[in-house]
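Student: First the structure, then my questions, so here it is.
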Amino acid sequence: MTLDPKTFEQIVNRYYEPLFRFAYSLTKREADASDLTQDAFEALGSKAHQLRDADKAKSWLFTTLYRTFIDGRRREIRHPHVETEAMDHEMPFVEPEAPSRMDAAAAREALLRIDEVYRAPLTLFHLQEHSYSEIAEILDIPIGTVMSRLSRGRALLRELLEDRAPKTVPSLTRQIRPLS
């Protein structure tokens with residue numbers, strides 16, 4: 001595929017927001033999500049010739065972003081970064097935007113507590129509206145694995161959200177389990 005500036009701009013306008021949301025669900029940090037999103041579009045700019053069909057740009061971008069994330073995570077494991085707190089007093093404090101609904105905040109918090117193995121398919125399916133086959137391609141896993149991770153991820157989310165919900169009548173049969 002040849003990527004002229006107008007086509008590139010159209011692709012960026014169409015997929016920037018969903019790519020950023022996916023990146024944020026993986027990194028849990030706005031700056032890292034921005035970097036990942038930018039890296040995906042930079043890769044598209046330099047490797048557009050690998051993409052034969054413009055209709056595949058969405059999957060290609062999500063796959064590229066996910067693989068960049070995984071590569072970065074592997075690099076962090078091999079070469080951990082140590083934060084210094086000496087500069088904290090010089091950094092401005094920015095209050096995050098308050099979510100408009102507490103239910104959405106609780107769901108987002110629960111999603112961020114789930115392991116990335118389940119969080120990535122959940123985000124791609126429910127928030128980005130990818131099909132099972134697209135998710136399998138993006139994450140480079142079999143469709144059956146996508147389905148089982150979605151199922152297990154939903155169950156984990158349900159458990160986290162139920163544990164947070166206020167209980168009006170305590171259950172006598174429920175045993176308390178630690179979150180792992």
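The values are calculated or read from the model by the stated rules, or taken from the named source; none is laboratory data. No experiment lies behind these values; they were computed from the predicted model shown. Ideal geometry is used to build each Cβ from the backbone, glycine not excepted, and the neighbour counts take in all protein chains shown. Surface areas here come from the heavy atoms of the whole protein model, side chains and all, with no ligands, DNA or RNA. Shrake-Rupley method; radii C 1.70, N 1.55, O 1.52, S 1.80 Å.
Student: Say whether the condition of being of a type outside the set (Val, Ile, Thr), at pLDDT 85 or above and assigned to a helix (DSSP H, G or I) is met by at least one residue in the range 87-98.
Tutor: Looking through the range 87-98, none of the residues is of a type outside the set (Val, Ile, Thr), at pLDDT 85 or above and assigned to a helix (DSSP H, G or I).
Student: To continue, here is another question. Regarding residue 144, is this residue over 19 Å from the mean Cα position of the chain (by Cα) and either surrounded by 14 or more Cβ atoms within 10 Å (Cβ to Cβ) or modelled with pLDDT of 85 or more (or both)? So that I can check it myself, show each step before the final result.
Tutor: On the way: over 19 Å from the mean Cα position of the chain (by Cα): yes; either surrounded by 14 or more Cβ atoms within 10 Å (Cβ to Cβ) or modelled with pLDDT of 85 or more (or both): yes.
When the stated conditions are applied, residue 144 passes them.
Student: Residue pairs, Cβ under 8 Å, 6 or more apart or interchain, first in the range 49-70 and farther than 17 Å from residue 116 by Cα, second among the polar types (S, T, N, Q) and not in a helix (DSSP H, G or I). List them.
Tutor: Correct list of pairs: 49/2.
Student: Against the definition (of a type in the set (S, T, N, Q), in contact (Cβ under 8 Å) with a residue 40 or more places away in the chain and open to solvent by 40 Å² or more (accessible area, probe 1.4 Å)), how does residue 2 come out, yes or no?
Tutor: Judged against the criteria, residue 2 is a match.
Student: From 65, 172, 160, which residue is modelled with pLDDT under 90 and surrounded by 13 or more Cβ atoms within 10 Å (Cβ to Cβ)?
Tutor: 160
Student: What number goes with the only condition from (1) surrounded by 13 or more Cβ atoms within 10 Å (Cβ to Cβ); (2) free of Cβ contacts under 8 Å to residues at least 40 places away in the same chain; (3) farther than 23 Å from residue 133 by Cα that residue 16 does not pass?
Tutor: (3)
Student: Here's something else I'd like to know. Mind checking which residues of the range 19-39 are closer than 18 Å to residue 135 by Cα and among the basic types (Lys, Arg)?
Tutor: Selection gives 21 alone.
Student: Kindly check whether there is at least one residue in the range 11-20 that is closer than 23 Å to residue 153 by Cβ and polar (S, T, N, Q). Walk me through it before giving the result.
Tutor: Of the residues in the range 11-20, the ones closer than 23 Å to residue 153 by Cβ are 17-20.
Right, trim to polar (S, T, N, Q) and you get none.
No: zero hits.
Student: Could you count how many residues in the range 109-137 are open to solvent by less than 20 Å² (accessible area, probe 1.4 Å), in contact (Cβ under 8 Å) with a residue 24 or more places away in the chain and either over 13 Å from residue 25 (Cβ atoms) or part of a loop (DSSP other than H, G, I, E, B) (or both)?
Tutor: Here the count works out to 3.
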